Amino acid sequence: MVERLGDPQGRPVFLLHGTPGSRLGPAPRGMVLYQRGMQLIAYDRPGYGGSDRRAGRSVADVASDVADIADALGLDRFAVVGRSGGAPHALACAALLPHRVTRTAALVTLAPRNADGLDWFEGMAASNVTEYTHATLDPDGVAARLTPRADAIRKDPVRLLDDLRRELTASDRMVVSDAGVRSMLLRNYQEALRTSAYGWIDDALAFCSPWGFDPADIPGEVLLWHGEQDVFSPVGHSRWLAQRIPGATAVLEPAAAHFDALHALPRVLTWLLEEGG
């Protein structure tokens, strides 16, 4: 399912949601988008919300989905931004749709699981280490592990925030304690897992499998934003990517963590539509 926010005649930006997530994920208010002459296009990745599952999908497969949606909306060129689990997918669009993507931003991204010279788990919270270790070593068992958790979150989405709170930094706790942010996140998680856990399962498997493209082949401008206190996708991942993507600019915030990306998003959207974008 697809959601369009902001000015329908505005410059288009695809917003790729996190993991787990949906088209209802965090985004600036419509008035902010109108003031910037911008439209945001968000959609449910396969297996999330109202989208059918695509078993065995890779990170690269998102590019064809985005291209199909853009074609259906009559959009030739567009910018792309992804946050958290959406960030590797944004990089896929940059690599595989170079003649259509104007600029790309990846906020609190992961690097490829086989990233040479990167200690992939360094600084990562125990829950994510466990999830991605199982996705790497026991891919057939991921569904059995995540399905019961997703079922519980579907009934009570507060449960996911409670699970996360045990590992949140002080900065992230402050962001998530905001009533508006909290309400948006809960609605997002509930919609993400409304029909099944498959979107979450397939994201985890895709991140830990070959992505289907080499970040070093991305030809355009890429902004990598990361909070250095992030424990869910550690800042070393963006540092690694910044050294390999030719047109990358890294913005690393020393005091920020994972959910601070929500506050950075409006500034990132401005960059996406600046001259040259």
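Annotations for the structure displayed:
- Matching entry among Leu40, Leu24 (being among the hydrophobic types (A, V, I, L, M, F, W, C), in contact (Cβ under 8 Å) with a residue 24 or more places away in the chain and farther than 23 Å from Gly227 by Cβ): Leu24
- Pair list, Cβ < 7 Å and 6+ apart or interchain, from the range 93-110 residues that are charged (D, E, K, R) to residues that are surrounded by 20 or more Cβ atoms within 10 Å (Cβ to Cβ) and part of a strand (DSSP E or B): Arg100/Phe78; Arg103/Ala79; Arg103/Glu221
- The criterion of at least 3 residues that are at pLDDT 95 or above and farther than 23 Å from Arg267 by Cβ is met, among helices (runs of 4 or more DSSP H) falling completely within the range 147-239, by 198-207.
- Top-ranked residue in the range 151-162 [being touching a helix residue (DSSP H, G or I) at 6+ places or on another chain (Cβ under 7 Å) and not aliphatic (A, V, I, L, M); ranked as nearest to Ser196 (Cα to Cα)]: Arg154
- When Leu75, Leu91, Leu40 are checked against the criterion of being of a type outside the set (Phe, Trp, Tyr) and either within 21 Å of Ala242 (Cβ to Cβ) or in contact with a Phe, Trp or Tyr (Cβ under 6 Å, 6 or more places away or on another chain) (or both), Leu91 stands alone in meeting it.
- Subset of the range 79-125 that is of a type in the set (Val, Ile, Thr) and within 17 Å of Asp65 (Cβ to Cβ) - its residue that is surrounded by the fewest Cβ atoms within 10 Å (Cβ to Cβ): Val81
- The criterion of being touching a residue at least 24 places away in the same chain (Cβ under 8 Å) and closer than 21 Å to Arg11 by Cβ holds for Pro266.
- Failed item in (1) aliphatic (A, V, I, L, M); (2) closer than 23 Å to Ala264 by Cα; (3) crowded, with 18+ Cβ neighbours inside 10 Å, with Met31 passing the rest: (3)
- Note on the range 1-117: enclosed helices (runs of 4 or more DSSP H) holding 3 or more residues that are under 20 Å from Pro234 (Cβ atoms) are 87-96.
- Residue that is nearest to Pro139 (Cα to Cα), among those in the range 209-234 that are over 15 Å from the mean Cα position of the chain (by Cα) and hydrophobic (A, V, I, L, M, F, W, C): Phe213
- Scanning the range 89-127 for residues that are of a type in the set (Lys, Arg) and more than 18 Å from the chain's Cα centre (by Cα) returns a single hit, Arg100.
- One residue from Gly47, Gly74, Gly85, Gly117 being farther than 23 Å from Glu228 by Cβ, out of contact with any strand residue (DSSP E or B) (no Cβ under 8 Å at 6 or more places or on another chain), of a type outside the set (Lys, Arg) and touching a residue at least 40 places away in the same chain (Cβ under 8 Å): Gly47
- A single entry from Ala216, Ala250, Ala257 fulfils the requirement of being surrounded by fewer than 21 Cβ atoms within 10 Å (Cβ to Cβ) and in contact with a strand residue (DSSP E or B) (Cβ under 6 Å, 6 or more places away or on another chain): Ala250.
- Every pair of residues 6+ apart whose Cβ atoms lie under 6 Å, when the first sits in the range 186-214 and is under 17 Å from Ala60 (Cα atoms) while the second is polar (S, T, N, Q): Asp203/Thr19; Ala206/Ser58; Cys208/Thr136; Gly212/Ser58
- Any hit, the range 186-203, residues being aromatic (Phe, Trp, Tyr) and touching an Asp or Glu at 6+ places or on another chain (Cβ under 6 Å): no
The values are calculated or read from the model by the stated rules, or taken from the named source; none is laboratory data. Being a predicted model, the structure only gives us computed values, none of them experimental. Glycine also receives a Cβ, built like all others from the backbone with ideal geometry; neighbour counts cover every protein chain displayed.
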